[in-house]
1. Looking at (1) at pLDDT 95 or above; (2) open to solvent by 10 Å² or more (accessible area, probe 1.4 Å); (3) of a type outside the set (D, E, K, R); (4) closer than 30 Å to Gly436 by Cα, which one does Pro318 not meet, given that it meets all the others?
2. Which of the residues that make up the stretch 249-280 are of a type in the set (Asp, Glu) and either in contact (Cβ under 8 Å) with a residue 40 or more places away in the chain or crowded, with 22+ Cβ neighbours inside 10 Å (or both)?
3. Here is a check on your reading of the model: is Arg477 among the basic types (Lys, Arg), closer than 30 Å to Pro241 by Cβ and not in a helix (DSSP H, G or I)?
4. Could you please tell me which pairs satisfy a Cβ distance under 6 Å, a separation of 6+ or placement on different chains, a first residue in the stretch 212-227 that is over 14 Å from Glu44 (Cβ atoms) and among the charged types (D, E, K, R), and a second residue that is more than 7 Å from the ligand (Cβ to nearest atom) and open to solvent by 20 Å² or more (accessible area, probe 1.4 Å)?
5. Quick one: which of Arg30, Arg62 is at pLDDT 95 or above, part of a helix (DSSP H, G or I) and open to solvent by 30 Å² or more (accessible area, probe 1.4 Å)?
6. Are there helices (runs of 4 or more DSSP H) fully within the stretch 119-224 with at least 2 residues that are touching a helix residue (DSSP H, G or I) at 6+ places or on another chain (Cβ under 9 Å) and surrounded by fewer than 24 Cβ atoms within 10 Å (Cβ to Cβ)? List them.
7. Suppose we keep only residues that are over 14 Å from the mean Cα position of the chain (by Cα) and buried (at least 18 other Cβ atoms within 10 Å of the Cβ) within the stretch 235-248. Which one would you say is nearest to the ligand (Cβ to nearest atom)?
8. Any chance you could count how many residues in the stretch 369-386 are part of a loop (DSSP other than H, G, I, E, B) and more than 16 Å from the ligand (Cβ to nearest atom)?
Amino acid sequence: MTATHVPGLPVIEDGRLISTNPATGEEAGRVPVADEKAVLAAVERAREAALWWQGLGFAGRRTRMLRWRSLIVQRIEELAELTHRESGKPVTDGLIEATAAVEHLDWAARNAKRVLGPRRVRTRLLVAEHSGHLEYQPYGVVGVIGPWNYPIVTPVGPISGALAAGNAIVFKPSEYTPVVGQWLADSFAEVVPEHPVLQVVHGLGDVGGALCRSGVAKISFTGSTATAKKVMAACAENLVPVVLEAGGKDALIVDADADVEAAAEAAVWGAMTNAGQTCIGIERVYAVEPVYDRFVDAVVAKAGKLRTGEEIGPITMPKQLDIIRDHIEDALAKGGRAVLGGADAVQAPYVSPTVLVDVPEDSSEMREETFGPTLTITKVRDADEAVTKANDTPYGLGGSVFGKKNAIRIARRLRSGMVAVNGTLTFVGMGNLPFGGVGESGFGRIHGDDGLREFARAKAITVRRGPSLLPAMTFERTPAQVKQIVKALRLLYGRKP
Ligand code: NDP
């Protein structure tokens, strides 16, 4: 690599993608870059593998997935260390991230049969001679496109659901974290050596685009809203369904009866973990007047203790530093005040914790995803105003509420897919809860029952179990039978409720 190489910026040399650490520039590894032909070949191989994998049934897949889970747990330090080397995030952040991935893998493996397996459904009176059956069948080959900020858990979430449902996967990791992506595919192949059920293809955005057009039956995308739109447009060409996990601008509301210290601790964690590079990271706080001052003081005290290079790792994608700087500068120029950090917080590759107050609602720091360790705190009259302001965004991914009496009611009113009450980000750690957004944060769900159904098609089957008493669906019915059908309908459904 040349001396002018920017640490963390991936480079392609001789057909290989070289991934480097954003803090040190040290090489984390190199992987082969796929072209369109290689993507198509991977999908072709996956088709065969999908048939074999589907044929294993829920029990066979469960055993193999749980073996993979155990292997990841046995090597969790190695995986966290690799994630640190590649993305720069602290090793402990890598460990916690891997923990969440293990939870999703375990839950999906154990619950797929219950959620997707064949079952009888209750029959309906007008077609009582037929029994109803429902099952969820796999798509075949699913394409998974992942981001760099959580290179373990963001792909493992959809991969878990898709594998448990019986699909084979072709996974395109972010160009910033290909080595972690390769590790996932390699470790899976150790426990499932028979067929390439989980393959990885590397490269830049064009490789993701090629995957969308490769004939996969579904795409699961996690990344920015702008790219989500491109992915959906590419998939529309062949009516390939998509699940889109995109960006966010999540808010935390602190109500009057909140435990202020606990709210501050969770706000700092939710905003600054992974250096704020978290889709469900807290970027805005709305605190009601009676607790506002105490809350600001507590946040500043706690965030002020965090050190760059220790708890706060580097910004993984170098160009994000400009966005973070722009947002801070815009907030200050429009009348905001920094009570911690501020104008000179951005010192590549780090950003020191920054807490801003009095930031106008129309500044980029309030409206766009900042993706850095910054937090705005706004004083509001009451919870109603907090909800209105929190919802005034095109995004709607997660969120948080601190309070007692009304906290759950407030949580329900937040326009988002997930909310943590008296915590932040906690919903991502529960394998049985669906994860996904509304509006510009995307649609569809990963994790939980809904996340399993996302990777399978509902298949309805009816089976005749006797002759028809009221034959409606045949040309051989008599006028008298039609009259009887109408009579039965009146009896059953004609009365006003
Ligand atoms: P990007 O949208 O830049 O990239 C995501 C993935 O899409 C990468 O693998 C990228 O490849 C690929 N890609 C880029 N262009 C195309 C294209 N035209 N067609 C198909 N694929 C393409 O997102 P980031 O990697 O920067 O991730 C950060 C974003 O992800 C943030 O907005 C964050 O909020 C969001 N996110 C959402 C989550 C959620 O669950 N809702 C979770 C985590 C993050 P390459 O990297 O090679 O360009």
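1. For Pro318, the failing item is (1).
2. Asp250, Asp255, Asp257, Asp259
3. No: the conditions fail for Arg477.
4. Here the result reads Lys218/Tyr139; Lys218/Pro241, each pair linking the stretch 212-227 to a residue that is more than 7 Å from the ligand (Cβ to nearest atom) and open to solvent by 20 Å² or more (accessible area, probe 1.4 Å).
5. Checking each option against the conditions leaves just Arg62.
6. Qualifying helices (runs of 4 or more DSSP H): 178-191, 205-212.
7. Filtering first and then ranking leaves Cys235.
8. Counting residues in the stretch 369-386 that are part of a loop (DSSP other than H, G, I, E, B) and more than 16 Å from the ligand (Cβ to nearest atom) gives 2.
The values are calculated or read from the model by the stated rules, or taken from the named source; none is laboratory data. Being a predicted model, the structure only gives us computed values, none of them experimental. Quick reminder, even Gly has a Cβ in these numbers, built from the backbone with ideal geometry, and neighbours come from all protein chains shown. Calculation scope for accessible area: heavy atoms of the full protein, side chains included, ligands and nucleic acids excluded. Shrake-Rupley method; radii C 1.70, N 1.55, O 1.52, S 1.80 Å.
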